[in-house]
Structure formats: C-alpha cells, structure tokens
1. Mind listing just one residue for me: the one in region 198-222 that is of a type in the set (S, T, N, Q) and assigned to a helix (DSSP H, G or I) and, of those, farthest from Val286 (Cα to Cα)?
2. State whether one or more residues within region 158-179 are in a strand (DSSP E or B), of a type in the set (A, V, I, L, M) and surrounded by 15 or more Cβ atoms within 10 Å (Cβ to Cβ).
3. Assuming Val312 fulfils every condition listed in (1) closer than 15 Å to Thr154 by Cβ; (2) of a type outside the set (Phe, Trp, Tyr); (3) in contact with a Gly (Cβ under 8 Å, 6 or more places away or on another chain) apart from one, which condition is it?
4. Output the number of residues of region 131-152 satisfying the condition of being touching a strand residue (DSSP E or B) at 6+ places or on another chain (Cβ under 7 Å) and either modelled with pLDDT under 95 or within 26 Å of Asp244 (Cβ to Cβ) (or both).
5. Is there a residue in region 181-195 that is free of Cβ contacts under 8 Å to residues at least 24 places away in the same chain and surrounded by 24 or more Cβ atoms within 10 Å (Cβ to Cβ)?
6. Assigned to a strand (DSSP E or B) and buried (at least 20 other Cβ atoms within 10 Å of the Cβ) - does that describe any residue in region 94-116?
7. Any chance region 47-56 includes a residue that's more than 15 Å from the chain's Cα centre (by Cα), modelled with pLDDT of 95 or more, crowded, with 24+ Cβ neighbours inside 10 Å and over 21 Å from Ala172 (Cα atoms)?
8. Quick check on Asn325: is it surrounded by fewer than 24 Cβ atoms within 10 Å (Cβ to Cβ) and under 26 Å from Tyr364 (Cα atoms)?
Amino acid sequence: MKKKYFLFLLATLLSVFSCQHVENLESKTITAQKTHEVQSINYATDSTEKVKNIIFLIGDGMGLTQIYAGMTANHGQLYLENMPVVGISKTYSTDAYITDSAAGATAFSTGEKTYNGAIGVDESGKPLKTILEIAEENGKSTGLVSTSSITHATPASFIAHQPKRSMEEDIAADFLKVDIDVFIGGGKQFFTSRGDAKDLTKTLEEKGYNIAFSMDEVSKVNEGKLAALTADNANPKFSEGRGDMLPNATAKAIELLSKNKEGFFLMVEGSQIDWGGHANDIQYVVDEMLDFDRSIAKALQFAVKDKNTLVVVTSDHETGGLTINGGDIKKGEVEGAFTTGGHTAVTVPVFAFGPKAALFQGIYENTAFFQKFIDAYQFATLTAELEKP
C-alpha cells in the first residue's frame, strides 16, 4: 500500500514538474504596441576629441534576445544599431553566479564586485565612492532617470550606500547627501510617506530643487535642479499608460544637465525590460525594449550634435532566459519563450558611440565600466573608497 502511494505521489510530482517545464517553454507570438521609424545617426570619431559628457543607459534584464525581439517587432531596426562599438560584459557577483541588479549596478558605479542586494558598498559593507559622486567632485552635473522607483536597485547604486536594496527609505535619505542635479523616476512614497514622518521633498525644495510629481510638471522646468517623483512607487508599464515618460525624461535631463559647461554624467535605466522577463511576458519585454530604444535615440541625437558626448548602453544581467523561436520582420511578429522566471548568468552586450567609444571593445568584467568612465573623462587615478566624515 505504501509502495503504491509512493509511486502515485512520484508520478504526480513528475507530472507537475513536467507541466511547469512545458509552460515555461511555451512559445507566444506577438507584435509591438508601438513601433518607431529609425533614422541613421552617423558619427566619425576623432581620436583627439575629449569626453565632456557621459550618458550611460542600462536596459535592466536586457540580453541579446531581448534586443533582437525588439528589433524584429520594430520591423528589423533599432536606434541601438547606430552604435559602432560592441563589447561583452561578465555579470556574476561575489556571492552568486547569477547577479541581481544591486550588485550589478554597484559593479558599474564603483568598479568593485559585491554581494547580491548591496547598494554602493563592497563585500564587507564598506561604502564605495561612485562614478556619479566622482563626476560631481570634478565639477560635472549629474542625473538619474528610471521607469522604476528612483530608489530601486539600479539608480540607487549610483548615489546611495546601504547594505540592502530593500532599504528604500534610507536610500531616499541618501539623495540629500549628494549634490545630484536631476533625478526623474517613481518612488514618491519613500520621500513623503516615511516611517520617520519626514517629507524629504520639503528638504529638497529648501536646497533649491524644482519639485515635480508628473511629466507635465517636469516639462515646465527649464533651468535649475530637478527632483521629479512621477509615481508613488514604480511608474506604470508602457502598455498601461506610461506613454513617453522615459524618452521625454531622458531628453529633459540632457537639456538641464548640458547647461553646465564642465559637462555631466547621466544614468538612464529602462527598468521594466527586466520585469517583463520575470513575468515571462514577451509582449511586456518587447514594448519596454522599444521604449528604451526611443530613449537611446534621444542620447544619440544629442551626442552627434555635441561631439563631446560618450554614449554607452548595456545591461546588468539577462532576465527570463528568453529564446526566439520564430518571427516575421515584415509583419513585426516575434515568437518567444522563457526558461526561467529569474535572472540568468549569461554575458550581456555593450554598445558605445562617440569619443573614446573604443574603450568599450572586447570582453571584460562589469567592474571595468567604472575605470573606463574615469579614463574617458581623463580624471586623475582615484580610489573608489568613500571617506567617512
């Protein structure tokens, strides 16, 4: 009797696991909700030109398949293709073969690998100086843009120093410790509805920031510092009414930051490519990928006119194990399936455009971005360790 029960239980479990596996690998064919025409943007690099500005765009969860899914849905073209230099980045963290966004972005911003969940600190919890903070020390304006909460793992890792990514109220408080010029994203609740009853937007206003709570309000700011919190937590999906928030926020940040003759550093995150991967939703992935590409266009269009702007695009990791099983470029149809609801360990692509773009050729660790940014700006050799007051 026990043997029969055991065999029945084993058969049931195998059936469940088998169904889950098949469900993960089930293909779905979709078309994009919004496509865009891609214009050619050509730039002949002069090796003598200096880098005054860096625009660093991170497609969270974006691997090669996410890129090609977006390209297929957009009838075979992306603005990303205008970037002539291509590299490959290794993504693992110190405590896991598969990184999370916090460790991945901290590697970008500080040049050191750390544990999953860490925000701007090393493996022992020591705060590390970020490229954003170093840019500020060198007289440059700085900015962050994200479709997630601005206190979420990726943007947080450029400005905050906390042991856990979940500490979003503490991360919000860290924004007051840095002289950042522009930030646009969600996360209003972490500034205004806090456990300590403080309203950090009032403090930001006292420090001279224009405060905005919608993209309409953002559009009316033409000078000065800007703190824009466009949603209580994350901004909506593109498919649920976010509209052109990300490309418009990217353009506004560039407009404001470029007023500084000393230059700027700007990080832009297409956050929800990752969330589409977690949801195993190819429609979500493609719509967010194309929205991110329209933001890349804003950066490239500025860079080709400015001549002193380096644009770099990459990902912190791939999400979902997306595979493309079919498609039709003329119809804009793409058929995709997923192998996991989490991140994967695969290497991710890097694209660069403008002066010093050649620094980003080759295969390297995700920590290499930090030093490449330092070299591009021609800053003096610096330690990334953050001095405590």
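The values are calculated or read from the model by the stated rules, or taken from the named source; none is laboratory data. Not measured: the values here are computed from a predicted model. Methodologically, a virtual Cβ is constructed for each residue, glycine included, from the backbone with ideal geometry; neighbour enumeration extends over all protein chains shown.
1. Thr203
2. No; the residues of region 158-179 include none that is in a strand (DSSP E or B), of a type in the set (A, V, I, L, M) and surrounded by 15 or more Cβ atoms within 10 Å (Cβ to Cβ).
3. Val312 satisfies every listed condition except (3).
4. So the answer is 12.
5. No, every residue in region 181-195 fails to be free of Cβ contacts under 8 Å to residues at least 24 places away in the same chain and surrounded by 24 or more Cβ atoms within 10 Å (Cβ to Cβ).
6. No; the residues of region 94-116 include none that is assigned to a strand (DSSP E or B) and buried (at least 20 other Cβ atoms within 10 Å of the Cβ).
7. Yes.
8. Considered against the rule, which asks whether it is surrounded by fewer than 24 Cβ atoms within 10 Å (Cβ to Cβ) and under 26 Å from Tyr364 (Cα atoms), Asn325 comes out as no.
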